[in-house]
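So the structure is just underneath, and the comments pick up after that.
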Amino acid sequence: MSGVISRRAEDYLRTIYEIVEQRGFARVKDVAREMNLKPSTVVEMVRKLHKRRLVNYEKYGGITLTPHGREIAESIKERHETFRRFLEIILVPREIALKDSHILEHQLDPKTILQFSRFVRFITESAERPKFVSRWLEQFKEYCKREEADQSSTARE
């Protein structure tokens with residue numbers, strides 16, 4: 001089997017990871033519900049992930065991540081959270097940020113992802129966050145409010 005993991009397989013690993021973190025294990029029906037899929041579709045992918053030694057799975061049993069699967073899932077989750085946080089920093093509404101971070105986590109070069117991660121940590125970690133960053137964020141919020149107000153007044157004219 002190839003070492004490359006498809007975007008769809010990454011989605012499964014992240015979903016399984018999140019469920020396992022909450023419950024200790026995942027079931028096919030949990031993954032199906034979370035991903036809005038049919039259980040038969042989930043079983044098919046879980047079997048593939050099992051063959052690749054990324055999950056532990058027995059028919060009618062729970063699903064857990066192998067150490068390698070967990071490592072990959074944690075990396076995927078971290079990418080997702082980085083993009084969600086970045087989008088929220090630039091004032092994208094949370095619901096949209098969740099959806100768009102899912103798209104970005106699969107699309108960008110690893111070096112670009114690394115720089116996004118560094119930027120988000122720089123902006124959000126208070127010990128390293130310079131005071132100008134806080135002022136800059138406040139000014140950005142005010143700028144966005146003015147832009148929205150200008151767009152609203154232009155739309156009414």
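Please treat every number below as a calculation from the coordinates, not as lab data. Model, not experiment: these values are computed from the prediction. We place every Cβ from the backbone using ideal geometry, glycine too, and count neighbours over all the protein chains shown.
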| What is the helix-to-structure angle for 131-156, meaning the angle in degrees between its Cα long axis and the longest Cα principal axis of the chain, kept from 0 to 90 and rounded to the nearest 10? | 80 degrees
| note | Applied in sequence order to segment 90-103, the curve 6.51 cos²θ - 1.76 cosθ + 1.60 (Karplus, θ = phi - 60°) yields integer Hz couplings, x standing for Gly and Pro, of 8, 6, 6, x, 3, 4, 6, 4, 4, 5, 6, 5, 5, 5
| task | Using amide H atoms built 1.01 Å from N in the peptide plane, name the residues 5+ places from R27, or on other chains, whose amide H lies under 5 Å from its own. | result | I63
| remark: Of L108, L49, L13, the most mobile residue in a GNM of the chain (C-alpha springs, cutoff 10 Å) is L108
| field | Cα long-axis angle, helix 7-23 against the chain (0 to 90 degrees, to the nearest 10) | value | 90 degrees
| Taking the convex hull of Cα positions in the chain, its mean projected area over all directions (nm²) | 12.5 nm²
| task | Rounded to the nearest 0.05, what FRET efficiency do L137 and Q115 give with R0 = 22 Å and r taken as the Cβ-Cβ distance? Could you check? | result | 0.70
| request: State the extension gain, in nm to one decimal, for the chain segment bounded by R8 and H68, taking 0.36 nm per residue of separation less the distance between their alpha-carbons. | output: 19.9 nm
| remark: Phi angles of segment 75-85, converted by Karplus (6.51 cos²θ - 1.76 cosθ + 1.60, θ = phi - 60°) into ³J(HN,Hα) in whole Hz with x for Gly and Pro, give 5, 5, 4, 5, 4, 4, 5, 4, 5, 4, 5
| remark: L108 and E95 label points (each 7 Å along its Cα→Cβ direction) are spaced in nm at 2.4 nm
| note | Taking a crude spin-label model, label points 7 Å out from Cα along the C-beta direction, the D150 to E44 distance in nm is 5.1 nm
| Cα-based reach from K29 at 27 Å (exclusive), listing lysines while leaving out same-chain residues under 8 positions away | K38, K48, K51, K59, K77, K99
| field | Proximal lysines to K131, defined as alpha-carbon separation beneath 23 angstrom and excluding residues fewer than eight positions away on the same chain | value | K141, K145
| said: For the chain, what does the helix formula give at 222 nm: sum of -39500 (n - 2.57) over DSSP H segments with n ≥ 4, over the residue count, nearest 500 deg cm²/dmol? | reply: -24500 deg cm²/dmol
| task | Treating the Cα atoms of segment 7-72 as identical point scatterers in vacuum, please give the log10 of the normalised Debye intensity I(q)/I(0) at q = 0.16, 0.22 Å⁻¹, two decimals. | result | -0.40, -0.82
